[in-house]
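Trainee: One structure, as structure tokens, below. Some questions next.
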Amino acid sequence: MSVRCGPTSQCKTKRCICKQNNQFCKNDCKTCKCNSDICSNKILSDEEEENESDEEEKIFNFKKSSNKFNIDSYSDEDNNSKNPEQSKTSRSAKISLETASDITKRIRKANLSRIKDDVFEYRDNKDLYTSALKNKIEDPEVDHIIECQMIGHAAAPVFGNSSYEPFINSLKGAVNLETLENYNVTEKRVNASKGACIKNYLTDDLNRGFPLRSVLKIDSPFGKYMNTIFETMYTTYPIVIEYLKSDECRRDDGHVTSSNHFSKIADKLSDMIAEMDLNVENSERRLRTRNY
């Protein structure tokens, strides 16, 4: 017998009574299903363990093709005809995605290529992700280690339907630190792969609750350098958090009301990092423990 997703793991359904009592779920547990058995808090037989990977992939691909939330096909009329509460939730999700997208666009600094040499010098002429030296990097691009879209998605639920205009410049400062600590120069293909994967993770509702590594294609440029990218992101995010909670973050209009918005955004970003499970050392330790 082998154990998967035990009581001390980061299981999605922490509300489960079995987990709260530090027990494994019984087969008839109604709450700890965690995305239809993809990550349930159960004891598996040897045969179930052997077939686990294939079954997970089938379930995930089926759900992804049939239930993926598509913002472009959203229809108030369709949702209103079904369930008013579900319609309200879908509308809220649509607004949140639109807000996150707009904030992301507005805090991204234009023409980052102008600071490429400065970033190279700050990084000792080396790509933190691939360990390639400056003269060996093909199509080098400046990358935000903690992505603008991550700040956008952390901020969107904090603002809701309220105006975020007075907060934009400070959020822009948080992701474009003058110290250059949130920048790295890497290959264009690695930069594009990293951005696309994180975007899919943040906008695809099926991915929430999974660690980021579980939705990565290992043969992709991001997947190839996954551990070093994760380590870089994990060591950089506290710097961004510190800035968000500092006195440098303030409303443009001088109002002190809602000043705790920045702290809430920092907390949302911390939650996002925890969900992504970027701590490579802890992830490998959990994997070794599970295999043992």
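The values are calculated or read from the model by the stated rules, or taken from the named source; none is laboratory data. Everything numeric here is computed off the predicted structure, so don't read it as measured data. When we count neighbours, we look across all protein chains shown, and the Cβ atoms used for this are built from the backbone with ideal geometry, even at glycine. Surface accessibility is based on the protein's heavy atoms, side chains included, excluding ligands, DNA and RNA. Shrake-Rupley method; radii C 1.70, N 1.55, O 1.52, S 1.80 Å.
Trainee: What is the calculated FRET efficiency for ARG189 to ASP247, with r their C-beta to C-beta distance and R₀ = 30 Å, to the nearest 0.05? Please report the intermediate quantities before stating the final value.
Mentor: Numbers: r = 39 Å, r/R0 = 1.31.
Using R0 = 30 Å, I get an efficiency of 0.15.
Trainee: What full-extension length gain, to one decimal in nm, is calculated for LYS94 and ILE168 as 0.36 nm per residue of separation minus the Cα-Cα distance?
Mentor: Values: separation 74, 0.36 × 74 = 26.64 nm, distance 2.06 nm.
Extending this stretch completely gives an extra 24.6 nm.
Trainee: Sort largest first and round to whole Å: the equivalent ellipsoid semi-axes of the stretch 141-257, each the square root of five times a Cα gyration tensor eigenvalue.
Mentor: Working: eigenvalues 153, 60, 25 Å².
Largest first, the stretch 141-257 gives 28, 17, 11 Å.
Trainee: Between GLU178 and THR228, what is the FRET efficiency for a Förster distance of 25 Å, r being their Cβ-Cβ separation, to the nearest 0.05? Before the final figure, lay out the partial values.
Mentor: Values: r = 25 Å, r/R0 = 1.00.
The value I calculate is 0.50.
Trainee: Could you tell me the accessible area of THR203 in Å² (1.4 Å probe, neighbours in place), rounded to the nearest ten?
Mentor: Using a 1.4 Å probe on the heavy atoms, I get roughly 50 Å².
Trainee: Follow-up question, since we're still on this one. Compute the separation of the alpha-carbon centres of the stretch 113-139 and the stretch 146-219 and state it in Å as a whole number.
Mentor: Using only Cα atoms to place each centre, the spacing works out to 21 Å.
Trainee: Here is a further query. Would you work out what percent of the accessible area of the stretch 98-195, with all protein chains in place, is carbon or sulfur (probe 1.4 Å)? The partial results should precede the final answer.
Mentor: Values: 1900 of 4540 Å².
Taking all protein chains in place, the stretch 98-195 shows 42 percent carbon and sulfur surface.
Trainee: Could you give the nm distance between label points at LYS264 and GLU138, where each point is 7 Å from its Cα heading toward the beta carbon?
Mentor: Those two pseudo-labels are separated by 4.6 nm.
Trainee: Rounded, prolate or oblate: pick one for the stretch 98-195, where a ≥ b ≥ c are the square roots of the eigenvalues of its C-alpha gyration tensor, a/c under 1.5 means rounded, and failing that, prolate if a/b is larger than b/c, else oblate. Mind dumping the intermediate values first?
Mentor: Working: a/c = 2.96, a/b = 2.16, b/c = 1.37.
Note, shape of the stretch 98-195 comes out prolate.
Trainee: Something else: Quick one: length gained pulling ASN125 to THR235 fully straight, 0.36 nm per residue minus the C-alpha distance?
Mentor: On the way: separation 110, 0.36 × 110 = 39.60 nm, distance 1.91 nm.
My answer for the length gained is 37.7 nm.
Trainee: Write down the accessible area per residue of the stretch 98-195 in Å², having rolled a 1.4 Å probe over the full set of protein chains.
Mentor: I get 46 Å² per residue for this part.
Trainee: Within the stretch 98-195, how many lysine pairs that are 8 or more places apart, or on different chains, have C-alpha atoms less than 12 Å apart? Mind showing how you got there, number by number?
Mentor: Details: LYS105/LYS172; LYS109/LYS172; LYS116/LYS126; LYS116/LYS134; LYS126/LYS134; LYS126/LYS136.
Count of close lysine pairs: 6.
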